[in-house]
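A quick write-up on the structure given underneath.
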Amino acid sequence: MHPMLNIAVKAARRAGSIINRASLDRTKLEVRAKHANDFVTQVDKAAEAAIIGVIRQAFPDHAILGEESGALPGSSARTEYRWVIDPLDGTTNFIHGFPQYCVSIALQHRGATAHGVIYDPSKNELFTASKGRGAFLDDRRIRVTKCANLKEALVGTGFPFKELSRLDLYMRQLNTIMTSSSGVRRAGAAALDLAYVAAGRMDAQQIAAAERLARELDAAIGPRQVSHAP
């Protein structure tokens, strides 16, 4: 495993430990709304601080972009590296005790994603990928399914919970997908959904993202995504 990916894994597991401890007593959660239907807890912040601490100790010169902290410069203004962090993707699920959430960490080099980690602390599942080196679930190589027919595909999706003005458009798209596929799943943690596509647990994702985990799977990502209309 690449040394930088090792640091990402260490940081993700450190954050996962904080999340798991907090999940044992959700009555102590301090929940604040950032925007409509968009929440943050002290656990999000503590998990992000732990991730940043691990990264700063190993690579003080690297820049960081955090979900809660925003853009943080490194000690070097000329760094070619930037870490992108979502310490708790699926916060609403976490608040309600629905075990579908994860830690998501990516490392960009000169603007391109070089390494990625998605860690599901509730199931202790670690998804990793490095450019040119494939994608893994724990120590096992993973690949997307061979499904090339939407009619046979299990499709993941996410609802536009922040931008409800586009809900009608989304529902029309969802209707098309539901009547054209074998099933649709909306679990509420986009990063984990994309990891599931990478691991072959779902055949496609309705949003166009997935970048590194899907590119490393010996299959073109295009046919496996169903993009939203602009």
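The values are calculated or read from the model by the stated rules, or taken from the named source; none is laboratory data. As the structure is a prediction and not an experimental result, all values here were calculated from the model. A quick note on method: Cβ atoms are made from the backbone with ideal geometry, for glycine too, and the neighbour counts reach across all protein chains shown.
Worth a mention:
- Condition met for A114 (within 18 Å of P3 (Cα to Cα) and touching an Asp or Glu at 6+ places or on another chain (Cβ under 9 Å)): no
- Restricting segment 203-214 to residues that are more than 18 Å from G116 (Cβ to Cβ) and in a loop (DSSP other than H, G, I, E, B) leaves a set whose member that is modelled with the lowest pLDDT is Q206.
- Spans of strands (runs of 3 or more DSSP E) in segment 11-119 with at least 1 residues within 24 Å of A187 (Cβ to Cβ) and among the β-branched types (V, I, T): 31-35, 38-41, 81-89, 102-109
- Meeting the requirement of 2 or more residues that are in contact (Cβ under 8 Å) with a residue 60 or more places away in the chain and surrounded by 14 or more Cβ atoms within 10 Å (Cβ to Cβ), the strands (runs of 3 or more DSSP E) wholly within segment 124-184 are 125-130, 134-137.
- Taken together, L164, L217, L192 contain a single residue that is of a type in the set (A, V, I, L, M) and at pLDDT 80 or above, which is L192.
- Failed criterion for L154 (all others in (1) farther than 30 Å from A33 by Cβ; (2) assigned by TED's automatic domain parsing to the domain that holds G16; (3) out of contact with any helix residue (DSSP H, G or I) (no Cβ under 6 Å at 6 or more places or on another chain) hold): (2)
- Scope segment 1-22; condition within 15 Å of F98 (Cα to Cα) and either at pLDDT below 90 or crowded, with 17+ Cβ neighbours inside 10 Å (or both); matching residues: I19, A22
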